[in-house]
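Peer 1: Please read through the structure below; I'll follow up with questions.
The values are calculated or read from the model by the stated rules, or taken from the named source; none is laboratory data. Please read these numbers as outputs of a predicted model, since none were measured by experiment. Cβ placement follows ideal geometry from the backbone for every residue including glycine, while neighbour counts extend to all protein chains displayed.
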Amino acid sequence: MSLTINTLGIVGAGQMGSGIAHVCAAAGIQVRLNDVSEDRINGALATINGNMARQVAKGSMDEPARQAALGRITGAKSFDDLAGCDLVIEAATENEEVKRSIFVALCRALPPETLLATNTSSISITRLAAATNRPEKFIGIHFMNPVPVMQLVELIRGIATEDATFDSAKAFINRLGKTLTVSEDFPAFIVNRILLPMINEAVYTLYEGVGSVESIDTAMRLGANHPMGPLQLADFIGLDTCLSVMQVLHDGLADSKYRPCPLLVKYVEAGWLGRKTKRGFYDYRGDKPVPTR
C-alpha cells in the first residue's frame, strides 16, 4: 500500500536540499532539514526566506502563503530528529561513499516503515539501496536545479524498489505540481546522460581551441536556442559536479566518449568550480562575469 507523504526529512541543506525544502513546504508538507552544522541549516532557511520573498514580489506567492510555508520548515540537528518523517531524501554532495555512509547512519535512526530516497544525479540507485536495511523502500527522486523553477523530476527505481514505494513517490511529486519522467537505473539517468556529455564536448571545444568561452556560449545560445551557453551552465551546476557525473558515466559505461575533458579536470583541481567559488569558465568577482579563457 502506498504511503502519503505529509512529513519530509531532508539530509543536506545546500542548493538542492534548500530548493526541495522550499517547494515541499509551499505544497503544504512539513519539512525537517538536516545538515552537519546548525550554521548550514540557518543559511538554508535564510536562502529559502529570500527566494520566497522574491516570489511574493513577482506575484507568484502571497505573503500569508510565504509565512505559512516558512512555518512548515524546521531544522533537524540529528538523524534522530527525522524519525517521525514519512520519507527522508538525501541531498548531499555527489559522492557515493558520502551518500552510503549517510544511509547507513539514517537506517539506525529511522523506523522500518520510513521511505528513503536519494537526489543523486548519476549514481546507481540499486547500489545505494544495498547500503540500507530497506532496499524495497528506496528510490531515486532527482530534482533539477534550481528546484523552485524547474518543472521536471526524474524518478528512478532500483532493482528492489517495490511498487508501493514507487506509487508513494509518484503521488508526492504530483502533489508538488511537478512533472515526472521515469528513468531506468543506468548511469546519469536521462537528463544528465544527454546534458553532461554535451557540456564535456563544449569543454573539449574550448580545450582544442575551436572557440573561446564567449564564442562557444554565444553559438549554442543563438544557434541552438539554448537559454544559457554550455560553459555558463557548467559554472551554474558546479564544475566538480559536472566532473563527478562524467566520471560515473565513464566508469559505469566504459566508453571513451565519456572521458572527462582534461581541461575540466584542471579547473576542478584549481578549485575553480564555477559560480559557488566565484571562478570557473567565467570570473564572477567583478560586476559582470568575464571569461577566464
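Peer 1: Return the residue satisfying two criteria in turn: it lies in the range 165-196 and is crowded, with 18+ Cβ neighbours inside 10 Å and more than 18 Å from the chain's Cα centre (by Cα), and of such residues it is farthest from Ala117 (Cα to Cα).
Peer 2: Of everything passing the filter in the range 165-196, Ser168 is farthest from Ala117 (Cα to Cα).
Peer 1: Limited to the range 235-293, what total is found for residues that are β-branched (Val, Ile, Thr) and closer than 30 Å to Asp185 by Cα?
Peer 2: The total comes to 6.
Peer 1: Oh, and also: Just one of (1) under 13 Å from Arg175 (Cα atoms); (2) surrounded by fewer than 24 Cβ atoms within 10 Å (Cβ to Cβ); (3) in contact with a strand residue (DSSP E or B) (Cβ under 6 Å, 6 or more places away or on another chain) trips up Arg32, so point out which.
Peer 2: (1)
Peer 1: Report, by residue number, each residue of the range 152-191 that is at negative phi and touching a His at 6+ places or on another chain (Cβ under 7 Å).
Peer 2: Matches in the range 152-191: Val153, Glu154, Ile156.
Peer 1: Does Val149 satisfy the criteria of being farther than 24 Å from Ser124 by Cβ, assigned by TED's automatic domain parsing to the domain that holds Gly28 and among the β-branched types (Val, Ile, Thr)?
Peer 2: yes
Peer 1: Is the range 116-139 home to any residue that is in contact (Cβ under 8 Å) with a residue 40 or more places away in the chain, in contact with a Phe, Trp or Tyr (Cβ under 6 Å, 6 or more places away or on another chain) and over 26 Å from Arg275 (Cβ atoms)?
Peer 2: Within the range 116-139, none of the residues are in contact (Cβ under 8 Å) with a residue 40 or more places away in the chain, in contact with a Phe, Trp or Tyr (Cβ under 6 Å, 6 or more places away or on another chain) and over 26 Å from Arg275 (Cβ atoms).
Peer 1: Could you check, for the range 215-238, whether at least one of its residues is among the acidic types (Asp, Glu) and out of contact with any helix residue (DSSP H, G or I) (no Cβ under 8 Å at 6 or more places or on another chain)?
Peer 2: No: zero hits.
Peer 1: Could you tell me which residue of the range 109-127 is surrounded by the most Cβ atoms within 10 Å (Cβ to Cβ), considering only residues that are of a type in the set (A, V, I, L, M) and under 13 Å from Val88 (Cβ atoms)?
Peer 2: If we take residues in the range 109-127 being of a type in the set (A, V, I, L, M) and under 13 Å from Val88 (Cβ atoms), then Ala117 is surrounded by the most Cβ atoms within 10 Å (Cβ to Cβ).
Peer 1: Can you report the number of residues in the range 170-225 which are in a helix (DSSP H, G or I) and not charged (D, E, K, R)?
Peer 2: Of the residues in the range 170-225, 27 are in a helix (DSSP H, G or I) and not charged (D, E, K, R).
Peer 1: Could you say which residue among Glu208, Glu214, Glu154, Glu201 is of a type in the set (Asp, Glu) and in the same structural domain as Asn133 (by TED's automatic domain parsing)?
Peer 2: Glu154
Peer 1: Looking at (1) crowded, with 16+ Cβ neighbours inside 10 Å; (2) assigned by TED's automatic domain parsing to the domain that holds Ser122; (3) not aliphatic (A, V, I, L, M), which one does Tyr267 not meet, given that it meets all the others?
Peer 2: Going through (1) crowded, with 16+ Cβ neighbours inside 10 Å; (2) assigned by TED's automatic domain parsing to the domain that holds Ser122; (3) not aliphatic (A, V, I, L, M) one by one, Tyr267 breaks only (2).
Peer 1: Hey, another quick one. Take Arg66 and decide whether it is in contact (Cβ under 8 Å) with a residue 40 or more places away in the chain and among the charged types (D, E, K, R).
Peer 2: no
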